[in-house]
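The values are calculated or read from the model by the stated rules, or taken from the named source; none is laboratory data. Note that the structure is a prediction, hence the values are computed from the model and not measured. Cβ placement follows ideal geometry from the backbone for every residue including glycine, while neighbour counts extend to all protein chains displayed.
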Amino acid sequence: MYQPDAVAVARLGGNDYLFTANEGDAREWPCLMGGTDSTVAEAEDVRYGSNGTNTSLKTNATLGRLAVTPFTPATVLGTNVTTKTTFADAYSFGARSFSVWKAPIFEGVFPAELVYDSGNLIEKKVLEVNPTFFNADWSTSTGVANAADTRSDNKGPEPEGIAYGKAFNKNWLVVGLERDGGIMLFEVSDPAAPVFVQYITTTDWQGSMLSTPKSSGDVSPEGILFIEAKDSPSKKPLVIVSYELSGTVAIFELNSK
């Protein structure tokens with residue numbers, strides 16, 4: 001399930017396009033999973049290894065650890081879902097990707113057309129750059145990084161923020177990865193064929209958010225703003241990123257090289 005968090009809109013080649021950061025998120029409501037205490041919120045995510053019916057996919061080496069939903073489209077609409085509900089189909093939260101959708105040209109209610117999805121590109125790039133902390137995240141109780149692969153059974157690097165802008169006669173897209181801590185730059189002059197340009201991170205996985213906050217750098221990018229050169233105080237294109245866990249803001253300057 002795509003479940004985008006942030007959405008950017010741009011008009012390219014006479015068409016409107018939507019760029020989505022497909023983070024994903026489980027629902028939480030009282031009594032959602034069959035409980036009776038209205039004061040306790042219950043999340044819908046369950047492990048496929050615990051509730052899935054396909055035995056070949058229930059091992060941890062396959063999809064056993066993957067957090068999925070037991071609700072529609074995984075089960076028939078109207079089923080009384082509980083924590084013990086079983087299902088064959090696995091629908092995870094978020095696509096671990098960003099997508100490009102072409103908006104309909106007609107007025108009214110029409111579906112957007114998916115023209116691109118990055119698939120596993122984001123995770124592959126992160127693995128190349130930072131294998132030691134691939135799909136890791138931070139413990140908010142200890143302040144230090146968890147082990148690699150901690151988030152692989154959930155939503156991976158979690159593409160959270162997204163921003164579009166123009167610079168150097170090209171069209172750019174910036175994608176923020178909440179759990180990974182990095183941001184990625186893509187050239188999207190052809191929205192159906194984005195080109196990966198750069199991965200940047202100012203997170204220091206060896207640091208501690210609690211004991212020495214500055215040592216961990218910028219942690220958990222949330223919001224992204226693309227400032228085009230004509231609107232920039234430095235007259236150069238800027239990318240401004242706010243970081244949720246570290247409570248910091250970073251400003252990046254784009255150059256033509």
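When region 205-240 is filtered for residues that are part of a loop (DSSP other than H, G, I, E, B) and of a type outside the set (Ser, Thr, Tyr), the ones remaining, listed by number, are Trp205, Gln206, Gly207, Met209, Leu210, Asp218, Val219, Glu228, Pro233, Lys235, Lys236, Pro237. Test of understanding: among Lys170, Lys124, which residue is closer than 26 Å to Leu254 by Cα and out of contact with any strand residue (DSSP E or B) (no Cβ under 6 Å at 6 or more places or on another chain)? Going through Lys170, Lys124 in turn, just one is closer than 26 Å to Leu254 by Cα and out of contact with any strand residue (DSSP E or B) (no Cβ under 6 Å at 6 or more places or on another chain): Lys124. The residue that is surrounded by the most Cβ atoms within 10 Å (Cβ to Cβ), among those in region 53-100 that are of a type outside the set (Ser, Thr, Tyr), out of contact with any Asp or Glu (no Cβ under 9 Å at 6 or more places or on another chain) and not in a loop (DSSP other than H, G, I, E, B), is Phe87. Within region 2-60, the set of residues being in contact with a Ser or Thr (Cβ under 8 Å, 6 or more places away or on another chain) and at positive phi comprises Gly24, Cys31, Gly34. Scanning region 139-175 for residues that are touching a residue at least 60 places away in the same chain (Cβ under 8 Å), among the basic types (Lys, Arg) and not in a strand (DSSP E or B) returns a single hit, Lys155. Residue count for region 105-137 satisfying the condition of being of a type in the set (D, E, K, R) and crowded, with 19+ Cβ neighbours inside 10 Å: 3. The set of residues from region 186-195 being of a type in the set (A, V, I, L, M) and touching a residue at least 60 places away in the same chain (Cβ under 8 Å) comprises Val188, Ala192, Ala193.
Screening Ala10, Ala26, Ala6 for residues that are touching a Gly at 6+ places or on another chain (Cβ under 8 Å), in contact (Cβ under 8 Å) with a residue 40 or more places away in the chain and among the small types (Gly, Ala, Ser) leaves exactly one candidate, Ala6.
Criterion applied to Gly223, Gly181 was being surrounded by fewer than 22 Cβ atoms within 10 Å (Cβ to Cβ), at pLDDT 95 or above and small (Gly, Ala, Ser), and the one residue passing it is Gly223. Going by what's in this entry, would Ser246 be described as buried (at least 19 other Cβ atoms within 10 Å of the Cβ) and part of a loop (DSSP other than H, G, I, E, B)? It is true that Ser246 is buried (at least 19 other Cβ atoms within 10 Å of the Cβ) and part of a loop (DSSP other than H, G, I, E, B).
Each row is one residue, and each column tells you yes or no for (1) under 21 Å from Glu158 (Cα atoms); (2) without any contact (Cβ under 8 Å) to a residue 12 or more places away in the chain; (3) over 20 Å from the mean Cα position of the chain (by Cα).
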site: Gly181; (1), (2), (3): yes, no, no
site: Met184; (1), (2), (3): yes, no, no
site: Val197; (1), (2), (3): yes, no, no
site: Thr201; (1), (2), (3): yes, no, no
site: Trp205; (1), (2), (3): yes, no, no
site: Pro213; (1), (2), (3): no, no, yes
site: Ser216; (1), (2), (3): yes, no, yes
site: Val219; (1), (2), (3): yes, no, no
site: Ser232; (1), (2), (3): no, yes, yes
